Each structure stands twice: as structure tokens, then as C-alpha cells.
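See structure below.
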Amino acid sequence: MSGAGNVFLMTDLRSPESQKLWSQFPASTMDRSQLSGLLCQSPLGFNADGLLFVEPCEGSEDFQWDFYNADGSQAEMCGNAARCVARFVHDLGDVGPSMNIRTIAGPVGARIIDDSEVEVQMPPISGTKWDQYVTIDDLKTHYHFVNSGVPHAVVGNDNVILTEEVRFFASRLRNHEDLQPDGANVTFFKPVAAGEIQAVTYERGVENFTQACGTGAVAAAWCHHQRQQGPATVKVGMPGGLLTVNFSGDRPLLAGPAVYLGEIKIHSEFFG
């Protein structure tokens, strides 16, 4: 599935029947982090941004996910993935249009708006540190640190065109010692008008720019909303499409597309 160009592979393991079938599949014997790298970004893979396992949970949430980035690292939260998995589970027919998902970053509420639009309730904004500075190759860089479910270094920039130079700079900032031990995504944004920005995110775990990043959209929109004292709803144009963030409640609401790309059946011979 694609959430504004962010592509995810997912499988439903909530029922005893599906768990039994999975246990008989060669992939079930592999470490899930290794499996994510193989399926998402190996020469034989599908050029996806992440791999999700939808599983039952014992709490009040409707289900939980076990979510891995393309490099095999485990993801705390991803707004685009949350929208995709919400529509995926809803379309299977056993969860209503409103649901709660258990993630490492905490419970996430989701609501199906229509056939291709989904809204998710993101984790509360936390850990904001305004006006941080680092020096990279003798260049002093200004950013805001925002945790929107995932830590982000948010950089205001009049130019969000992706070049190899910008990618290399984002990689250096993502791994800078000031952002350790976990590192951070790096989101560049450009104000377009009151309540409207353009943004792009270099994501840890993918180690490149992605077509869209839900937590990045929220982090950049938060900085724009707070500094400009603009409207509660911010439109965020990302390379993969338009996302909308609303700050009128206690937790940000992220709305955007979640569409199917196809159904994949992997033969056992794929695993040698």
C-alpha cells in the first residue's frame, strides 16, 4: 500500500489460521528485521519503505503492529503507515471505520474518511527544542528538534529540491552527535502561505529521502503553526502528495491518502 508515496508491505497475522499458515512459510523462520531488508530493499525486493505485521493485542486497542523500516530497524511510529494499515484492516471486514492501533510510540487512533482517505490521531508533540545549532563541515546549521512520535530535526529552507548535496547533508545531520543515541529524521520545509508548507524528509531506517513522511509532516507543520501563529490546520505538500495536519485538539490529526498498489504472493523458492 501507498500512503502519499510511502510504500509498505503488510501481512495480517491476527487469526489463529493466519498464524498457522505463516508458521509453515519459510520466511517465518527468519529474523523479521532481516526479512524486512530482504523484501524491501535487496536486489530481489520490492523497493518498499517498510514491512508491517498486523497482530492481535491483549489491551484495549483493536490490534498492534510489528513494524520494520527498510533497513531492518524497528519503527516507533509512522503516520503514513498508520493510515495504510487502518484501511487494510478495515477492508478485511472485521474492524469498523474507527479503530485504535498499538504502536511503540503509544496508542494511535484512526478513522476511515472514505475509500482512499484516512485520518490518524498522532502521538502528542513532545521534547520540542527551539533554535538548535550544529556545525557540519564548518557550516553552522539552525534547526528545531521536535518529537512527533519519531524525533525530527526540522530545518527551515527556501529550497526543498532534492539533490545529492542535500541528501549528504541530511545524512550528516541525521547522524550528528547532538542527536544521538537514536539519531533523528531530518525534515526540510518551506512556507508557502499561512497554513500551507512544502516539506520533505530524510528518514532514518530508509537512509534517504522518501516520497512522504507522516511524522515529518506533523513536525514541520507544528513548527510552522507555532512560529507563524497561523491556522490550526496546515496543508503539507510532500513529493508523494498532500497531507493535512490539524492541531485543534490535544493530539495532532494527520489526514491523507492510503491506496492499494497490489497483492503480493511470494513463493518459497524466493528464500532459496
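The values are calculated or read from the model by the stated rules, or taken from the named source; none is laboratory data. For clarity, every value in this text was computed on a predicted model and none was experimentally measured. Reconstructed Cβ throughout: ideal geometry from the backbone, glycine too, with neighbour counts over all protein chains shown. Heavy atoms of the whole protein, side chains included, go into the accessibility calculation; ligands, DNA and RNA do not. Shrake-Rupley method; radii C 1.70, N 1.55, O 1.52, S 1.80 Å.
Below are the figures for this structure:
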{"item": "Cut-off 12 Å between beta-carbons: net charge of the residues surrounding Met1, Lys and Arg +1, Asp and Glu -1", "result": "-1"}
{"item": "Calculated diffusion of the stretch 231-272, Stokes-Einstein form, Kirkwood radius summed over Cα pairs, 10 °C and 1.306 mPa s, µm²/s", "result": "118"}
{"item": "Over the stretch 91-176, equivalent-ellipsoid semi-axes from the Cα gyration tensor in Å", "result": "35, 16, 11"}
{"item": "Three-way shape call for the stretch 59-104 based on the alpha-carbon gyration tensor, with the a/c threshold at 1.5", "result": "prolate"}
{"item": "Interchain or long-range residues, amide H under 5 Å from Arg204's placed H", "result": "Asn185, Val186"}
{"item": "P(r) of the stretch 191-272 over all Cα-Cα pairs, binned every 10 Å from zero, in whole percent", "result": "17, 40, 24, 11, 7, 2"}
{"item": "Gyration tensor (alpha-carbon) shape descriptor, the stretch 35-189, a/c threshold 1.5", "result": "prolate"}
{"item": "Dimensions (Å) - the stretch 1-69, Cα atoms, principal axes, largest first", "result": "36, 30, 16"}
{"item": "In Hz, Karplus ³J(HN,Hα) per residue of the stretch 26-41 (6.51, -1.76, 1.60; θ = phi - 60°; x = Gly, Pro)", "result": "x, 5, 5, 8, 8, 4, 5, 5, 5, 5, 4, x, 5, 7, 8, 9"}
{"item": "Backbone HN-Hα couplings from phi across the stretch 88-96 [Karplus 6.51/-1.76/1.60, Hz, Gly and Pro as x]", "result": "4, 5, 4, 6, 6, x, 10, 9, x"}
{"item": "Leu9, Leu242, reordered so the largest accessible area comes first (probe 1.4 Å)", "result": "Leu242, Leu9"}
{"item": "Phi-based couplings in Hz for the stretch 256-272 (Karplus 6.51, -1.76, 1.60; Gly and Pro marked x)", "result": "x, x, 9, 10, 7, 9, x, 10, 10, 10, 9, 6, 4, 5, 4, 8, x"}
{"item": "Largest-first principal axis extents, alpha carbons of the chain, Å", "result": "54, 39, 29"}
{"item": "Compactness index (Cα Rg / 2.2 N^0.38 Å), the stretch 154-245", "result": "1.03"}
{"item": "Under 18 Å from Lys129, Cα to Cα: aspartates and glutamates that are on another chain or at least 8 residues apart", "result": "Glu177, Asp178, Asp182"}
{"item": "For Asn6, residues with placed amide H under 5 Å, excluding near neighbours", "result": "Ala212"}
{"item": "GluC sites (Glu not before Pro) restricted to the stretch 200-272 and DSSP loop, no more than 11 other C-beta within 10 Å", "result": "Glu263"}
